[in-house]
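Let me begin by presenting the structure, written as structure tokens, before commenting on it.
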Amino acid sequence: MALLTAEDVLEKKFQVVKFREGYDQVEVDEFLDEVVATVYALQVENSELKDQLEAANRRIAELSSGHPVEVAPAPVVEEPVVAAQPEPAPVAAPSQEDHASATSMLALAQRLHDEYVNDGRAEGERIISEARQRGDEIVREAEGRRDSVLTQLDQDRGLLEEKINELRNFESQYRRSLTDHLQTLLQEVSSEN
């Protein structure tokens, strides 16, 4: 599995769910910005360590071969001649001490590189773990709210069904009562005639 780059995290898009349930987009965006900054810093640090390691390897090669590695010449700046410069002393061949120093420098650079990489991985795993925990917490909160709303809706529906039954019973009783009253009135009118 390839490691994520800052661009991978920055370009990651999440699917928007219907009815706005799910993660808070602003919170997710802010978190991803933090992740991008962390990943970018780790990449820069890793690149610097690789450069240091390459420089140490070049120095070791230079000391081992006894010939200096060619370096790009510095730009020539003409300065007024003040006095004749003495000849530089001849460079001594690299000693065993130089070789040991270069080897220890390389070992130190490698150890630092490994430490930084391990620290970066540990930090990345910690960030991912925290993000997962926060995501689980958000999901639990959303499910709790959903359950609460559904329970309230069920209670409201039960109350409304009760009220509807009461109104139907009232209507039925009222019709019977009205029918009885009208029949009584009709009988009275019929008996008077």
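The values are calculated or read from the model by the stated rules, or taken from the named source; none is laboratory data. Given the structure is predicted, the values throughout are model-derived calculations rather than measurements. Positions of Cβ are backbone-derived with ideal geometry, glycine not excepted, and every protein chain shown enters the neighbour counts.
Results, tabulated for the structure shown:
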{"item": "Residue among D51, D33 that is assigned to a helix (DSSP H, G or I) and surrounded by 12 or more Cβ atoms within 10 Å (Cβ to Cβ)", "result": "D33"}
{"item": "Some residue of segment 8-25 being surrounded by 15 or more Cβ atoms within 10 Å (Cβ to Cβ), closer than 19 Å to E137 by Cα and modelled with pLDDT of 75 or more", "result": "no"}
{"item": "Residues of segment 150-192 satisfying the condition of being surrounded by 10 or more Cβ atoms within 10 Å (Cβ to Cβ) and among the β-branched types (V, I, T)", "result": "T151, I164, T179, T184"}
{"item": "Cross-chain or 6+ apart pairs with Cβ under 6 Å, segment 35-59 first and among the polar types (S, T, N, Q), then crowded, with 16+ Cβ neighbours inside 10 Å", "result": "Q52/A109"}
{"item": "Conditions (1) exposed (fewer than 11 other Cβ atoms within 10 Å of the Cβ); (2) among the hydroxyl-bearing types (S, T, Y); (3) modelled with pLDDT of 85 or more; number of the one not met by S95", "result": "(3)"}
{"item": "Odd one out for E125 among (1) surrounded by 11 or more Cβ atoms within 10 Å (Cβ to Cβ); (2) closer than 30 Å to V39 by Cα", "result": "(1)"}
